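The values are calculated or read from the model by the stated rules, or taken from the named source; none is laboratory data. From a predicted model like this one, the values you see are computed outputs, not experimental measurements. Every residue, glycine among them, receives a Cβ derived from its backbone with ideal geometry; neighbour counts consider all protein chains shown. Quick note on the areas: whole protein, heavy atoms, side chains included, nothing else; ligands and nucleic acids left out. Shrake-Rupley method; radii C 1.70, N 1.55, O 1.52, S 1.80 Å.
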Amino acid sequence: MSTSIIIIITFIISVAVTAVVSVLVQNSIRKKHSSEIIRNAEKEAERIKNDKIFQAKEKFLQLKSEHEQYINEKNSAIQQTENKLKQREMQMNQQNSELQKKIKEADAQREHLKAQTEAASRKKEEYEKLRQEALDKIENIAGMSASQAKEQLIQAMKDEARTQAMSYINDVMDEARLNASKEAKRIVINTIQRVAPETAIENAVTVFNIESDEIKGRIIGREGRNIRALEAATGVEIVVDDTPEAILLSAFDPVRREVARLALHQLVTDGRIHPARIEEVVAKVQKQLEDEIMETGKRTCIDLGIHGLNVELVRMVGRMKYRSSYGQNLLQHAREVANISATMASELGLNPKAAKRAGLLHDIGKVSEENSELPHAILGMQLAEKCKEKPEICNAIGAHHEEIEMTSLISPLVLVADAISGARPGARREVIESYIKRLKDMEGIALAHPGVTKTYAIQAGRELRVIVGADQVSDAESEVLSNEIAKKIQDEMVYPGQVKITVIRETRSVAYAK
């Protein structure tokens with residue numbers, strides 16, 4: 001038992017000794033390896049240190065070289081600047097010497113001019129003294145002062161100049177009036193002769209003829225329901241009175257009157273007249289009339305040789321057929337203006353197609369369906385601009401009543417053509433009150449001038465004869481008076497065509513034999 005214990009104890013001791021020896025050996029090996037790593041690290045650090053020192057030296061040398069180059073460049077620039085400054089200084093010194101020389105020359109010239117001025121002053125004093133002595137002698141001889149003689153001379157020259165100016169003005173105006181009148185009359189007369197349009201008058205009532213008075217009762221219907229339905233559908237007042245075989249259609253809109261006339265014609269022809277049938281026929285007639293308006297616009301454009309017109313403008317041209325202006329059919333008036341404008345443009349060497357286009361479209365503002373407070377010329381110009389018409393066409397439309405400035409050559413042609421078409425005898429009807437008022441205003445403008453004794457507006461207001469007192473107005477002043485009256489009438493009044501102002505001055509000597 002003791003032996004085994006001893007063996008075990010011996011084994012344990014040997015294991016322990018072996019473990020201690022193993023640990024000691026490992027520690028020795030570990031220490032040796034660590035010292036080797038440290039030595040390698042120190043060598044590597046020394047190598048890196050030497051590399052960094054070498055790189056730093058190279059960088060230092062590079063920077064030193066660049067700095068020396070920069071210093072050299074700066075020194076070179078400074079040297080060049082110093083050379084330029086020296087050169088500039090030399091130039092300044094040279095200029096200074098030249099300037100000093102010029103100053104000396106100027107001083108010498110000033111002294112010379114001063115001496116000349118003093119000599120001239122002495123001569124002037126001598127001249128004034130001699131002049132005054134001569135004036136005194138002249139005044140003694142003439143018996144009046146110099147100022148009085150000067151005033152008389154000036155007055156005489158004014159009178160002579162005024163007389164010559166009046167004579168020259170009369171000659172120039174007579175020559176200009178003769179040439180302008182001849183040329184203008186030739187163009188206008190040729191234009192009117194070549195156009196030769198018809199006179200058309202519209203009113204606010206259309207007469208619908210019927211075969212017998214029995215049809216009136218059918219149109220009125222039971223308790224008036226047919227006529228009420230027809231009036232409501234068309235917007236036209238239908239007057240059924242004692243007029244034999246006739247019914248009056250009253251409305252200020254010609255399109256509505258035409259719709260009512262065509263609807264009545266179809267209803268009477270068909271024989272079936274009741275409210276439902278009336279509404280159906282009126283709707284159908286309205287559609288037919290719209291087609292007819294479009295066809296009228298196209299046919300008008302074809303007749304006038306106008307192409308590429310916007311569809312909306314074509315429709316407006318067709319609507320002109322059912323509009324009137326002062327009793328003159330608007331479509332006939334537009335065609336007339338188009339032809340007159342084109343003829344005058346051809347005579348003057350302008351573009352007749354553009355003039356004809358502008359003349360046809362000049363009154364489209366009157367048939368616009370827009371509720372605008374603008375004048376029809378401005379509204380028509382805006383419609384033409386929306387439809388992409390050329391600026392010269394739009395300007396001619398807007399300026400044909402001189403509400404905007406004319407910027408194209410065809411604008412005054414359209415204005416003149418519009419005046420010619422509207423001023424033809426019988427072309428338009430005018431309210432008698434406004435006509436009389438215009439004549440009275442015209443006579444009143446002439447009577448307001450001093451020296452006028454009587455005035456007479458004749459030839460439907462196209463000529464104004466002014467009688468002046470012979471003792472108050474001279475022949476030369478009568479010419480000026482006619483121009484002043486014409487200018488005032490032109491500025492203050494609105495009238496068709498032109499007004500001729502004739503000033504009559506006569507001297508009457510009366511004696512009685514007893």
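For the reader, a short list of remarks on this structure follows.
- Contour minus Cα-Cα distance for Ser14 and Ala108 (0.36 nm per residue): 20.0 nm
- Percent carbon-and-sulfur accessible area, the chain, ignoring ligands, DNA and RNA, probe 1.4 Å: 55
- Take the chain with all the other protein chains still there, run a 1.4 Å probe, and you get 68 Å² of accessible area per residue.
- Taking every DSSP helix (H) stretch of at least 4 residues in the chain, weighting each as -39,500 (n - 2.57) and dividing the sum by the residue count yields a mean residue ellipticity at 222 nm of -25000 deg cm²/dmol.
- Of the peptides 380-390, 471-481, the ranking by mean beta-carbon count within 10 Å, highest at the top, reads 380-390, 471-481.
- Farthest toward positive dipole pole in the chain [+1 Lys/Arg, -1 Asp/Glu at C-beta], among Leu130, Ile141, Ile103: Ile103
- A Cβ-based charge dipole, computed about the Cα centre of the chain with Lys and Arg at +1 and Asp and Glu at -1, lands at about 2480 debye.
- Selected from Ile8, Val20, Met294, residue furthest toward positive end of dipole (the chain; charges at beta carbon): Ile8
- Among 81-93, 266-278, sorting by the average number of other beta carbon atoms lying within 10 angstrom of each residue, highest first, gives 266-278, 81-93.
- Cα centroid of segment 40-119 to Cα centroid of segment 329-368, whole Å: 81
- Crossing angle, helix 2-142 versus the chain [Cα axis fit, 0-90 degrees, rounded to tens]: 40
- Gap separating the Cα centres of segment 379-401 and segment 267-299, nearest whole Å: 33
- Spacing of the two label points (7 Å from each Cα toward its C-beta) at Lys500 and Ser97, in nm: 9.1
- Top positive-direction residue, dipole computed over segment 203-311 with Cβ charges, set Val281, Ile210, Val255: Val281
- For segment 1-109: rounded, prolate or oblate by the Cα gyration tensor [a/c cutoff 1.5]: prolate
- Amide hydrogen neighbours beyond the local backbone of Ile501, cut-off 5 Å, H modeled: Leu464
- Taking the C-alpha atoms only, the angle from helix 475-492 to the longest principal axis of the chain is near 60 degrees.
- The chain shape via C-alpha gyration tensor axes, a/c threshold 1.5: oblate
- Cα-projected label distance for Arg162 with Glu73, points at 7 Å along beta-carbon direction, nm: 8.9
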